[in-house]
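Engineer: Structure below; questions to follow.
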Amino acid sequence: MEKKLQKEFKQVKEEVSDLRSKLNITGVKKESWFEKKEELKKYIIDSINKIRQLRSKKNQSDLYIQRLKTERDSYNKKVKDLIENIKNVNKEKLTVLKKHKTDLDPSKINEKIQKLEEKIETEAIPIEEEQKIMKQIKELKKIQTAISSFLDNSKSLSEDIEKSKQKAEEAHNKLKEELEKKKKGYEEFITLSKEIDKLKVEQEQAFKTFLEHKKQFLELNNKLKDKLLSTSKMQQRMIQVGYYKEEKKQEIEDKQIEEKAKLVEDKIRNKKKLTTEDLLVFQNKK
């Protein structure tokens, strides 16, 4: 009977040791997969925050792009209007030249005026002819003033056209640069979105594996509890059949000595007389 119990007890102890070993390994794996799940969760949160920042930048970029487009289109429209104005000025100039039957530029008209004035001053001409020349000079000066005004307007309009073209070009270049930034931001957004989807799959798998190991851990833990309970019961049975008789006897003796030692200590504290047995007990206690 005792040998059979010893054999069973040994077997159960081996099973307990094996279960503890498996429980420790499973526990380590369980915690490892939990940490991996939490790490992936952190990566996902970080990536989501980056996407939110990209969306915020995109909204700001959209507003800036719209402003640049409006600015560029405004300057292009201004260029178009100024070109139309300069065409009208040139038409008016041609009308004046046609009306006065001349195609001379202001410098040549000025030369002609000087020659006519010089003729009046240096030549002896009849009064009627002088009046005609004066009238001619007056008409030429009138034409000269009109043409000069047209030329000044044309020059001013041309300068405005060049400035507006430059502003439109600047706005267009800024627009191209911003659109390129937006494109890169969009590409980063797509990359992050794909990465988040991938991380979510990995996190889900890690969590699933964690739950599997947790289930195994609980099953092993329950088995270990059952085995430990069986071990305890077997120990009690073995005590009953005398397997632990000597150990139990020693335990009882130690307990008795402990109790006697307490009594001796009480006598010492109370300054009572000690017997020879008391002294032996005291020595054994030490």
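The values are calculated or read from the model by the stated rules, or taken from the named source; none is laboratory data. Remember, it's a predicted structure, so these values are computed and weren't measured experimentally. Quick reminder, even Gly has a Cβ in these numbers, built from the backbone with ideal geometry, and neighbours come from all protein chains shown.
Engineer: Pairs, please: C-beta under 7 Å, at least 6 apart or cross-chain, first residue at positive phi and in region 147-160, second modelled with pLDDT of 75 or more and assigned to a helix (DSSP H, G or I)?
Structural biologist: Nothing qualifies.
Engineer: Within region 175-189, is there a residue that is assigned to a helix (DSSP H, G or I), within 30 Å of S17 (Cα to Cα) and at pLDDT 85 or above?
Structural biologist: The answer is no; no qualifying residue exists.
A quick yes/no check of all residues on (1) over 59 Å from the mean Cα position of the chain (by Cα); (2) closer than 20 Å to N110 by Cβ:
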| site | (1), (2) |
| --- | --- |
| P126 | yes, no |
| I133 | yes, yes |
| E139 | yes, yes |
| Q144 | yes, yes |
| S148 | yes, yes |
| L151 | no, yes |
| K155 | no, yes |
| E159 | no, no |
| Q166 | no, no |
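Engineer: Which of (1) modelled with pLDDT of 90 or more; (2) more than 19 Å from G185 (Cα to Cα); (3) among the charged types (D, E, K, R) is the odd one out, the single condition E15 does not satisfy?
Structural biologist: Among (1) modelled with pLDDT of 90 or more; (2) more than 19 Å from G185 (Cα to Cα); (3) among the charged types (D, E, K, R), E15 violates only (1).
Engineer: Cβ-Cβ below 7 Å, separation at least six or inter-chain, first residue in region 131-143 and touching a residue at least 12 places away in the same chain (Cβ under 8 Å) and surrounded by 13 or more Cβ atoms within 10 Å (Cβ to Cβ), second part of a helix (DSSP H, G or I) and among the acidic types (D, E): which pairs?
Structural biologist: Partner pairs satisfying both residue conditions: I137/E117.
Engineer: Looking only at residues in region 92-106 that are not in a helix (DSSP H, G or I) and not acidic (D, E), which one is modelled with the lowest pLDDT?
Structural biologist: Per the criteria, the residue is L104.
Engineer: Taking R52 and the conditions (1) touching a helix residue (DSSP H, G or I) at 6+ places or on another chain (Cβ under 6 Å); (2) basic (K, R); (3) closer than 29 Å to K194 by Cβ, which numbered condition does it fall short on, given that it satisfies the others?
Structural biologist: Condition not satisfied by R52: (1).
Engineer: Taking the condition of a type outside the set (F, W, Y) and at pLDDT 80 or above, does K119 pass?
Structural biologist: In short, no.
Engineer: Looking at region 1-41 only, could you name the residues that are of a type in the set (V, I, T) and over 55 Å from the mean Cα position of the chain (by Cα)?
Structural biologist: Hit for region 1-41 is V12, nothing else.
Engineer: Could I ask something else about it? Does region 107-144 hold any residues that are part of a helix (DSSP H, G or I) and among the hydrophobic types (A, V, I, L, M, F, W, C), and which are they?
Structural biologist: Result: I109, I113, L116, I120, I127, I133, M134, I137, L140, I143.
Engineer: If only one of I86, I44 is surrounded by 12 or more Cβ atoms within 10 Å (Cβ to Cβ), of a type outside the set (G, A, S) and under 18 Å from the mean Cα position of the chain (by Cα), which one is it?
Structural biologist: Checking each option against the conditions leaves just I44.
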